[in-house]
1. Restricted to the stretch 280-303, and to residues that are among the charged types (D, E, K, R) and under 18 Å from the mean Cα position of the chain (by Cα), which residue is surrounded by the fewest Cβ atoms within 10 Å (Cβ to Cβ)?
2. Taking the stretch 121-158 as the search range and keeping residues that are part of a strand (DSSP E or B) and farther than 20 Å from Trp244 by Cβ, which one is nearest to the chain's Cα centre (by Cα)?
3. Within the stretch 196-223, take every residue that is in contact with a strand residue (DSSP E or B) (Cβ under 7 Å, 6 or more places away or on another chain) and part of a loop (DSSP other than H, G, I, E, B) and give me the one that is farthest from Asp264 (Cα to Cα).
4. Find the residue count for the stretch 237-269, including only residues that are more than 18 Å from Thr120 (Cβ to Cβ) and either of a type outside the set (D, E, K, R) or without any contact (Cβ under 8 Å) to a residue 24 or more places away in the chain (or both).
5. For the condition exposed (fewer than 15 other Cβ atoms within 10 Å of the Cβ) and polar (S, T, N, Q), what is the one hit in Asn239, Asn265, Asn251, Asn246?
Amino acid sequence: MNLCRNLNRSLCRFFLFIVGDDLNRFMDRCAVAPIGNRLYRRLLTGVRLTLSIASRLVSKSERTGGLSTKLLAFRVFRADSFAPIPLPLLFAVLLLTLAVAPILSATATNSGIGGVPSATNQLTRGWTPVPLKFQIQKPYDLQVKDRYSYDAASNTHDFWVFFTDKPHDPPPNKTTARTEMRLESFRDKERMFDAKVNINPGTFACIAQVFDAAHGPVTMLIAHPDGSVTIGHDVIKTNAIGNWWNLKMINDPHTNGIISIYIDNVLVHTNLSRGPREYYFKCGVYSRKNSARSEARFRDIKVLEKSDSTAPQETK
């Protein structure tokens with residue numbers, strides 16, 4: 001019985017590894033495809049969650065020797081009623097999985113949605129690049145070169161600031177120190193900010209914003225010394241320090257428009273925009289209280305405009 005139980009657990013884990021890995025990759029690719037079917041997307045999310053729960057239950061069963069999972073329904077049994085799956089059925093399911101997994105991968109690849117470059121193409125399809133126009137905001141008593149540099153060879157903008165630096169405007173301005181790129185304002189069409197980001201250790205600063213020109217920031221991305229990036233109380237990325245990752249911010253300025261934040265082409269946050277008015281994007285380092293030195297680099301910064309977006313009517 002113990003041999004059967006151990007073999008059953010091992011096969012369960014093997015099954016979950018194969019199905020979970022391939023379905024997760026397939027669903028990650030589908031997440032950026034123009035599926036348009038909300039029910040289908042919810043189904044994919046449900047399958048992903050079920051697989052995750054089942055995998056954890058198998059892990060727990062290995063630790064406690066009690067819990068188990070019944071594959072077809074992922075039904076949880078009590079510790080005193082372990083019921084292994086019939087081996088012929090399990091082998092049949094495994095063979096079916098091995099046959100279906102390559103088809104899933106081939107389907108995703110042939111659809112042109114496999115890998116990060118294709119994901120980027122899906123998100124930016126229907127968007128047109130606009131000229132990059134910006135100004136650098138830095139401590140008012142320093143030169144731009146004292147807190148900002150640009151490497152043309154790698155198309156990398158480097159921003160750094162000390163908490164003890166002066167604000168970007170003279171008194172009566174009392175905001176904390178910053179070195180930021182303030183991009184061109186827009187109000188007519190939906191726009192996207194797209195760049196690779198690399199944050200230095202010790203950074204505690206706002207690294208990107210969607211900004212309402214008249215009333216201040218709408219969405220702020222805060223980098224923390226522990227490597228997390230947050231919006232409000234939500235953690236949208238971990239392990240953000242010392243490696244390059246992609247950031248996309250999309251703002252729809254229409255009535256009931258949405259601000260969408262993507263990390264490595266995966267949607268991680270949405271919130272309502274403020275309707276028709278003037279907006280702009282910002283990136284760089286805007287120091288937080290009790291920080292020391294903050295630094296972030298942005299590579300291949302692009303601003304894109306949605307081609308089929310019509311100009312919103314601003315309300316007075």
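Read the figures in this text as sums done on the coordinates, not as results from a lab. Everything numeric in this text was worked out from a predicted model, so none of it was measured. Glycine gets a Cβ as well: all are built from the backbone with ideal geometry, and neighbour counts include every protein chain shown.
1. Going through the stretch 280-303, the residues among the charged types (D, E, K, R) turn out to be 282, 288-289, 293, 295, 297, 299-300, 302.
Filter once more, keeping what is under 18 Å from the mean Cα position of the chain (by Cα): 282, 297, 299-300, 302.
Numbers: Lys282: 22, Arg297: 20, Arg299: 16, Asp300: 13, Lys302: 15.
Per the stated criteria, the residue is Asp300.
2. The first filter runs over the stretch 121-158 and keeps only residues part of a strand (DSSP E or B), leaving 127-130, 134-137, 148-151, 156-158.
Remaining after also requiring farther than 20 Å from Trp244 by Cβ: 127-130, 134-137.
On the way: Trp127: 19, Thr128: 22, Pro129: 21, Val130: 23, Phe134: 25, Gln135: 27, Ile136: 26, Gln137: 26 Å.
Filtering first and then ranking leaves Trp127.
3. The initial filter retains those residues of the stretch 196-223 that are in contact with a strand residue (DSSP E or B) (Cβ under 7 Å, 6 or more places away or on another chain), namely 196-213, 217-223.
After this cut, where a residue has to be part of a loop (DSSP other than H, G, I, E, B) as well, the list is 200-204, 213.
Values: Asn200: 18, Pro201: 20, Gly202: 22, Thr203: 21, Phe204: 21, Ala213: 27 Å.
The selected residue is Ala213.
4. Residues meeting the conditions: 14.
5. Values: Asn265 fails: exposed (fewer than 15 other Cβ atoms within 10 Å of the Cβ); Asn251 fails: exposed (fewer than 15 other Cβ atoms within 10 Å of the Cβ); Asn246 fails: exposed (fewer than 15 other Cβ atoms within 10 Å of the Cβ).
Just one listed residue meets the conditions, Asn239.
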